[in-house]
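Below is one structure, written out as structure tokens; comments come after it.
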Amino acid sequence: MSVRAENTPSQPTAPSLEGCLKCHAQIEPMHKFGPTGALEKLDNGKDALGLTCTACHGGNPVAETKDDAHVRPRFPREWMRDGKFRIPERSGTLLARESVEFVRFLNPADLRVAATTCGSSDCHSNQTNAVSNSMMTHGAMLWGAALYNNGGYPIKDTNFGESYSANGAPQSLIQIPQPTAEQKRLKGILSFLDPLPRWEISQPGNVLRVFERGGKRRLETGLPDREEEPGKPDKGLSARGLGTAQRTDPVYLGLQKTRLLDPTLNFLGTNDHPGDFRSSGCTACHVIYANDRDAKHSAFDHTAGNRGMSQSADPSIPKNESGHPIRHQLTSRIPTSQCMICHMHPGENMVA
């Protein structure tokens, strides 16, 4: 006698959790507030907007080990210190050479990938588009003022700004549609911004270089020296006279140094001393680091100190190592100490 199997309704299966949670289950939700309220802890591996770890960071969500789950850098030796992974204090040029996948894994809010993370779908596309053209990103006012005021470039309207493509290469910013003459004159709208040219192709434009120390020895003005070569006085424009042989305008060289050592939103902070701990892109402002112990500057985060150390609930994040945000969480309550990370430096200084 045969028995017919009855059709029984299938039991709902629990959503599979990402392998990231084996190590990071206690980490704070990046988005604390969502449509249904606030979360203090992850809800089945998701934050208040329903985003998982890999939705932002990428990586392998089904991996069982750390090595399989994490995205590998192109230059692994450069990211190692004392036998473990560590972001270098000055990572600008290294980060520019890394793959998009690793940049996203390191910081999903980096401007090279923000369009596909923070700006994806209906999240923050308008803000992501706006920040890519922001003064905080391209720094054109600093570059334009420095070059024009010091005779490095003859046009007063800014022509140079900082911007990078997804592969890390410098790129131009072009205004579409092109502004009219009236818009340029009355509203200051620019037609384009180009990357800085290589510093060694420039020539000195500052005639006051006569005061620069140079030559074999310091000479008295107006006193001839019979050892001088005819037409090549040791005084004058010093070793940086007009011509080639890397006799370049110091302003172009200085701006390149500023670009690398005092970065805009394009790169991470130096993360090597109090006042310079920060991320890049959107999280440079919206994820708080410990930079100031004064409650007047850091508000409720002053208890975290000023050494850039973490207070995250994630046990896998070292609590005695500088360079980590206080919490793995976005916020719009940004203390002035976060602003001063950038606005204490030449070019964007807001204090005397």
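Applying the selection to segment 31-48, what residues are part of a loop (DSSP other than H, G, I, E, B) and open to solvent by 80 Å² or more (accessible area, probe 1.4 Å)?
Going through segment 31-48, the residues part of a loop (DSSP other than H, G, I, E, B) turn out to be 31-32, 35-36, 39-42, 44-45, 47-48.
PRO35, THR36, GLU40, LYS41, ASN44, listed by residue number.
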* **Single residue of GLY323, GLY281 found to be buried (at least 21 other Cβ atoms within 10 Å of the Cβ), closer than 22 Å to LEU51 by Cα and either among the small types (Gly, Ala, Ser) or free of Cβ contacts under 8 Å to residues at least 12 places away in the same chain (or both)** => GLY281
* Asked: Being at pLDDT 90 or above, of a type in the set (D, E, K, R) and open to solvent by 40 Å² or more (accessible area, probe 1.4 Å), is that true of even one residue in segment 246-269?
  -> no
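Please state which one of ASP292, ASP249, ASP301 is free of Cβ contacts under 8 Å to residues at least 40 places away in the same chain, among the acidic types (Asp, Glu) and in contact with a Pro (Cβ under 8 Å, 6 or more places away or on another chain).
Values: ASP292 fails: free of Cβ contacts under 8 Å to residues at least 40 places away in the same chain; ASP249 fails: free of Cβ contacts under 8 Å to residues at least 40 places away in the same chain.
When all the criteria are applied, what remains is ASP301.
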* Restricting attention to segment 80-87, does a residue exist that is over 26 Å from GLU321 (Cα atoms) and either open to solvent by 80 Å² or more (accessible area, probe 1.4 Å) or of a type outside the set (Asp, Glu) (or both)? -> no
* Give segment 279-294 a look and list any residue that's closer than 14 Å to LEU106 by Cβ and either hydroxyl-bearing (Ser, Thr, Tyr) or in contact with a helix residue (DSSP H, G or I) (Cβ under 7 Å, 6 or more places away or on another chain) (or both), or say none. => SER279, SER280, GLY281, CYS282, THR283
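Please note which helices (runs of 4 or more DSSP H) are completely contained in segment 134-193 and include at least 1 residues that are more than 21 Å from the chain's Cα centre (by Cα) and in contact (Cβ under 8 Å) with a residue 40 or more places away in the chain. First the steps, then the outcome.
Numbers: elements: 135-138, 140-149, 181-187.
Result: 140-149.
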* To do: Given the conditions (1) buried (at least 21 other Cβ atoms within 10 Å of the Cβ); (2) out of contact with any His (no Cβ under 9 Å at 6 or more places or on another chain), report the number of the one that THR65 does not fulfil.
  => (1)
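The values are calculated or read from the model by the stated rules, or taken from the named source; none is laboratory data. Worth saying up front: this structure is predicted, and the values here are computed from it rather than measured. We place every Cβ from the backbone using ideal geometry, glycine too, and count neighbours over all the protein chains shown. Accessible surface areas use protein heavy atoms only, side chains included; no ligands, DNA or RNA. Shrake-Rupley method; radii C 1.70, N 1.55, O 1.52, S 1.80 Å.
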